[in-house]
Amino acid sequence: MTQAVVLVGGAGTRLRPLTDTRPKPMMALVDRPFVAHQIDLLRRHGIDDVIFSCGYRPDALRAHFGDRSPEGVRFRYVVDPEPLGTAGAIKNAEGLIDDAAFLVLNGDILTDLDLDALAARHRETGAAGTIALTPVEDPSAFGLVRLYEGGRVEAFVEKPAPEDLRPGEPFRINAGTYLLEPGVLERIPAGRACSIEREVFPALAGEGALYGFPSDAYWRDIGTPGSYLSAVHDVLTAALQTGSPTGAGYIGPDAAVDPSALVDARSAVGGGAVVGAGARIAGSVVGAGARIGEGALLEGAIVGEGVVVGAGARLGPGVIVGDRAAIAAGAVVDPSAPVPTDGAAG
């Protein structure tokens, strides 16, 4: 297991307007793009050949990662000509995949999953595919994965209603990390959209060739603003160990924070940003190059790159401001109305 396909093709519509100017995997998560945390996880488990299956704004990934990392990880890229679904995006990378088991990662999942243990379980069962599973308290918003004793997948139950549940059964969902044998690629039709979750996996399960790998590892889908912000908080407070700075908030390179301003331990301020006198930033993300005016308050807000927040403005929980937007002095921003890229609020 030395290869991984990372699915980074989605447009990230739930994170707009932040994703109007970057693909979701390139959203900053503390000190580096989100997907770089995934690459670090892969590298720690000896995986040094990464194929990005791209769609939306692929040039941003190429520009950041290039062909090889300083640690020796090789990067290659395929671009879907049109949205092909999760299985179609894997099929599009077929020409770069070796004749050995390979990992697939959804490009919006933050986890510290033990990939070596996943691989060991995959070899032990002789499965064609093994799906990492994570526990949830309420499976109704997800797809419940049922296992037979021994770990073979019994069934997928999409967004189960209470009457669909069995008394006492564990609630496990697809965690967005898979280990697949090369033969699975032959099951994916070329040139059309195909879902691995809805088409390929149920077929494999019906043949007894699909296994689950339950894990209590940290897991978070960063696809919504609230979950993205929680991921930032988790990294900063060391709920997840990623190698990012922890304990005192994050202040990026060349950022300037006035001595009378407050940046709390759950906030990240991007490189080159300026935080004015008396400003208070609590549980928030401030993008690179942003300027936060004197006495401004950001509490549970996400501010994009190059944003200007006027003196005394108030951005409360749920506020999202797109890149290079301007917030007028003294404005109170409505969290139900994200400020678009280059937009203005006041």
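The values are calculated or read from the model by the stated rules, or taken from the named source; none is laboratory data. The structure presented is a predicted model; accordingly, all values stated were derived computationally and were not measured. In this analysis, Cβ positions are derived from the backbone assuming ideal geometry, glycine residues included, and neighbour counts consider all displayed protein chains.
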Query raised in the report: Does LEU210 qualify as being buried (at least 17 other Cβ atoms within 10 Å of the Cβ), farther than 30 Å from ALA128 by Cα, modelled with pLDDT of 90 or more and touching a strand residue (DSSP E or B) at 6+ places or on another chain (Cβ under 7 Å)?
Result: no
Report summary line: Those residues of the stretch 157-204 that are in a helix (DSSP H, G or I), more than 25 Å from SER53 (Cα to Cα) and not acidic (Asp, Glu) come to a total of 1
Report task. Take the residues in the stretch 119-138 that are within 20 Å of ILE196 (Cα to Cα) and more than 20 Å from the chain's Cα centre (by Cα), then tell me which one is surrounded by the fewest Cβ atoms within 10 Å (Cβ to Cβ). Result -> GLY126
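Residue-by-condition table, conditions (1) touching a Leu at 6+ places or on another chain (Cβ under 9 Å); (2) within 15 Å of ALA28 (Cα to Cα); (3) in the same structural domain as ASP254 (by TED's automatic domain parsing):
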residue: GLY289; (1), (2), (3): no, yes, yes
residue: ALA301; (1), (2), (3): yes, yes, yes
residue: ILE320; (1), (2), (3): yes, yes, yes
residue: THR341; (1), (2), (3): yes, no, yes
Requested in this report: Would you mind telling me which numbered condition in (1) under 22 Å from SER195 (Cβ atoms); (2) at pLDDT 90 or above; (3) within 19 Å of the chain's Cα centre (by Cα) GLY55 fails?
Outcome: (2)
Query raised in the report: For the stretch 316-342, how many residues meet the condition of being part of a loop (DSSP other than H, G, I, E, B), in contact with a helix residue (DSSP H, G or I) (Cβ under 8 Å, 6 or more places away or on another chain) and modelled with pLDDT of 90 or more?
Result: 3
Requested in this report: Determine whether the stretch 88-96 contains at least one residue that is touching a Gly at 6+ places or on another chain (Cβ under 7 Å), modelled with pLDDT of 90 or more and part of a helix (DSSP H, G or I).
Outcome: yes
**Report entry** Complete set of residues in the stretch 97-117 that are among the aliphatic types (A, V, I, L, M), surrounded by fewer than 22 Cβ atoms within 10 Å (Cβ to Cβ) and part of a helix (DSSP H, G or I)
**Finding:** ALA117
